[in-house]
Amino acid sequence: MELYHQNYCKLLQLLPNLHGMHGPIKLQALGHSDVHANVIERHKHRLVLRMSHYLQPLHGAAIPDPDMTIEVFFLAETVGVLTYCDCFGSRRVFCPELMAFSPLAKAELNNFLEQWLNKMIADGRRQAMTDKAE
């Protein structure tokens, strides 16, 4: 559970108003493309976010790479990955069609989330000024 709590603390560092977040937010850093965070579900003790880093478009629309759905538990102060998608494919921790849970996917995706959060913090990402009211 330590990794999930550490990721919660890192996410809170990037999104200080995480507990009150309702709308879309952009995380910006000089020289880097934005990371978008959108609320998918909000409950009293649980929040589901979609976080997407859009690559600069070469031809047409920008593509999210990576694009992750994460689940935040406020009382437990933990964060866990539900889904992951990039230009090579997608993965999810739980497959509802098969009623199957993948411990390997869970471990790998949560370790990737840790690396991604560390990189965003190291890049100096901050919430866009226009998003501060959220």
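The values are calculated or read from the model by the stated rules, or taken from the named source; none is laboratory data. Just so it is clear, the model here is predicted, and its values are computed rather than measured. Neighbour counts are summed over all protein chains in view; Cβ atoms, including those assigned to glycine, are modelled from backbone coordinates with ideal geometry. With ligands, DNA and RNA removed, areas are computed over all heavy atoms of the protein, side chains included. Shrake-Rupley method; radii C 1.70, N 1.55, O 1.52, S 1.80 Å.
Residues in the stretch 45-56 that are open to solvent by 50 Å² or more (accessible area, probe 1.4 Å) and either without any contact (Cβ under 8 Å) to a residue 12 or more places away in the chain or more than 13 Å from residue 72 (Cα to Cα) (or both): 54, 55, 56. Kindly establish whether residue 80 is small (Gly, Ala, Ser) and under 13 Å from the mean Cα position of the chain (by Cα). It is true that residue 80 is small (Gly, Ala, Ser) and under 13 Å from the mean Cα position of the chain (by Cα). Screening the candidates 38, 7 for the property of being open to solvent by 40 Å² or more (accessible area, probe 1.4 Å), modelled with pLDDT of 90 or more and either part of a loop (DSSP other than H, G, I, E, B) or not hydrophobic (A, V, I, L, M, F, W, C) (or both) yields one hit, 38. Considering the stretch 89-120 alone, what residues qualify as being open to solvent by 50 Å² or more (accessible area, probe 1.4 Å), assigned to a strand (DSSP E or B) and over 22 Å from residue 37 (Cα atoms)? Of everything in the stretch 89-120, just one residue is open to solvent by 50 Å² or more (accessible area, probe 1.4 Å), assigned to a strand (DSSP E or B) and over 22 Å from residue 37 (Cα atoms), namely 101.
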